[in-house]
Each structure stands twice: as C-alpha cells, then as structure tokens.
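Each value in this text was obtained by applying a stated rule to the coordinates, not by laboratory testing. Model, not experiment: these values are computed from the prediction. Positions of Cβ are backbone-derived with ideal geometry, glycine not excepted, and every protein chain shown enters the neighbour counts.
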Amino acid sequence: MASGSKRVVYAAMIGNLAIAVTKFAAAAWTGSSAMLSEGIHSTVDTSNQAILLLGMKRASRPPDDRHPFGYGMEIYFWAFVVALLIFALGGSVSIYEGIHRLLEPEPIHQPWINFLVLGIAIVIEGFVFRIAWKELRHRQPNRSIWRALRASKDPSVFAIFCEDFAALAGLTVALVGVALAYYLQMPVFDGIASILIGAILVATAVFLARETLSLMTGESASAGVLKDVDEVLSADDRVNHVGEVLTMHLGPREILVAVSIDFRETLSGEEVETTMRELTRALEASRDEISRVFLRPIRSQSETPTPVLP
C-alpha cells in the first residue's frame, strides 16, 4: 500500500482523536446537542481510520495457496465496514440526538466554549483535509474532484477525503446551529443542527458504501486503462483482432487483465508463444496498476477458442 495513503490515514486519525476529546468536553460543559453529535462524529472517524489501517495491513499480505491473487481486495471490505459505522454510529445517533433535543430543548450554557472548540476543530480538520486533497489530486491530477473520487480505487484516500469533507460541513452546521440557538434564545436550532449533521453523515456513508460495494463485487478497470490495453494490443502487427477484454481490480493498485486475441494465421505455435510473452510485458509496462495478465489465443472471432498456452 502506498506510503501516501498511510500518511493520509495517520494524519486523519491523530487529528480526529484530538478533536473528539475537546468536543465531548465542550458538550459536557455547555449541554450542546450539536457539539455532542460532533463528538460522536469525530469518535466514529477515529475508529474508522484505525479500521482502514487494519485493512491496509491485511490487504498487503502476499499471495498464498488459498489466495493466489493476494489479499488486496480485503481493503474494500474494511472500507465498507467504515461506511456502515458512519451510517449507524455517526448519522443515526446524531439524528436521534437531534430529535431528542427538538422534543426537549435545553438552553446552551457558556457558548464561547463551543465556539472556541469548533474554531480549533475547523483548523485541524482543514489541515487534515488539505493532506487528503493533495493526495487525491496527486493520484488524479486531470479530473474534477467529483470525477477523481469516482475514479479513485483506494479507499484509504477517497474514504478519508469524504470523511474530512463531511467533518468540515458538520462543523460549519454546528457553528451556525449553536450561534442561532444562543443569540436567538431558541435551543431548537441546536437540535436542528444535530439532525443536519446526521444527514450529512448518512449521505457520506451511502456514497462510500456504493463505491466500495462496486469494488468488492469485481469492478472493472477505468475506461483509460481499457483504452491503453487496446492500443498496446492493436499496435502489434502480429495481432489480427482483439476479442473480449476482461479486467478486475484486485486491489487499489492491482488490476487483472484477461484478453482473447486472434493472431495472424501465418504465425507458428512458437511465434504465438513469443508474441504472448512480449505482449504481456508490454501491457504490464503500459500501466503500473496492471499486475496480472492472461492472454487467450483464438483462431478467429467466430470459432471456438483454442486451449490456453502455458
């Protein structure tokens, strides 16, 4: 797993742990529902980063007899667990707490503590978010943020980015909610802010769950990778036709490529074997992510495929 990914996760975990402690202290002191929701949010985020580190460690194990393609896909499972935790422990609890405060509103005491903690939290989260932003832009420099998130296959990057973005949005909502509750003397805004924070977390969890579920169930490589594969194969004059091209992510930076190829009829069996070895090396050199290549020679587009050569 890339060192940049670990740097993002460690930075987020340390930042969220510090923020969680201060938020809970402020919530206990002032009685703010929005601040309590933010404390829960930061606690969930801290545990999520620990889970991602565990997933990264397990996913880095080498292949063995039971898992000949390695354990890279396990990171997607742990990222899905993170999405479930954000939904269940973050979003749901925040919404419940907000509804409770709407039914039984309580005034906020000494709001300056909340403002101070929220200000500090925004600075820390902004710093962590900047690290995640830079790593995402480094991986996807030519795409918009939305397209970069959809194109990223590394949960340790896109999950942290989404968490930090949700954290900054939640902090802004909490700040506005606490301010309105105090200056308008209407504690109901504190509960509304808590519900909105929960809604932000639920939306984040749904997005992460969809992305990781797609990767868990064998998502194919991007259109750019498929285009490069086709260009490498089609450029070789020994290839008559490129048939079926199948790809699958085995991990954030590991792609399996399986291709059916119709070679020129003039090639001998030995020449076909040589061509397959050379094409395999060319495909692996075209993209760092391509780690496994399987080429299957076929006689023609309409005929039954020949047996796979060793």
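Here are the numbers for the structure shown:
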item: Contact order relative to length of the chain, as percent, for alpha carbon pairs under 8 angstrom and 6 or more apart; result: 20
item: Ordering of 96-102, 169-175 by burial proxy (mean other Cβ atoms within 10 Å per residue, highest first); result: 169-175, 96-102
item: Of V128, V117, V232, the one that fluctuates the most in a GNM where the chain has Cα springs shorter than 10 Å; result: V232
item: Square roots of 5 times each gyration tensor eigenvalue, C-alpha, region 153-259, largest first, Å; result: 49, 11, 9
item: Residue-span extension gain [Y96 to D65] - 0.36 nm each, minus C-alpha spacing; result: 6.4 nm
item: Per DSSP, loop trypsin sites (Lys or Arg not before Pro) in region 168-255 with at most 13 further Cβ within 10 Å; result: none
item: Which label in (i) 20.2; (ii) 18.7; (iii) 21.7 gives the computed Kirkwood radius over Cα pairs in Å; result: (iii)
item: Residue exposure sequence - S42, S92 - by fewest surrounding Cβ within 10 Å; result: S92, S42
item: Test item: Cα-centred dipole of the chain, Lys/Arg +1 and Asp/Glu -1 on Cβ, debye; result: 640
item: Calculated from backbone phi, Karplus (6.51, -1.76, 1.60) coupling profile of region 121-135 in Hz, x at Gly/Pro; result: 5, 4, 5, 5, 5, x, 5, 5, 4, 4, 5, 5, 4, 4, 5
item: Point-charge dipole on Cβ atoms (K/R +1, D/E -1) for region 60-140, about Cα centre, debye to 20; result: 400
item: Amide H contacts under 5 Å for I290, placed H, 5+ residues apart; result: I255
item: For region 184-310, size of Cβ-based charge dipole, Lys and Arg +1, Asp and Glu -1, in debye; result: 340
item: Residue order, fewest to most beta carbons within 10 Å, for I298, I86; result: I298, I86
item: Distance (nanometres) between label positions extended 7 Å along Cα→Cβ at L54 and E231; result: 4.2
item: Residues E125, E244, E273, E163, sorted so that the one with the fewest Cβ neighbours within 10 Å comes first; result: E244, E273, E125, E163
item: Gyration tensor (alpha-carbon) shape descriptor, region 8-104, a/c threshold 1.5; result: oblate
item: Which of S47, I298, L36, positive extreme of dipole for the chain (C-beta unit charges); result: L36
item: Using θ = phi - 60° and Karplus 6.51 cos²θ - 1.76 cosθ + 1.60, couplings along region 90-105 (whole Hz; Gly, Pro as x); result: x, x, 5, 5, 5, 5, 4, 5, x, 5, 4, 6, 5, 6, 10, x
item: Percentage of interatomic Cα-Cα distances in region 223-298 larger than 16 Å; result: 43
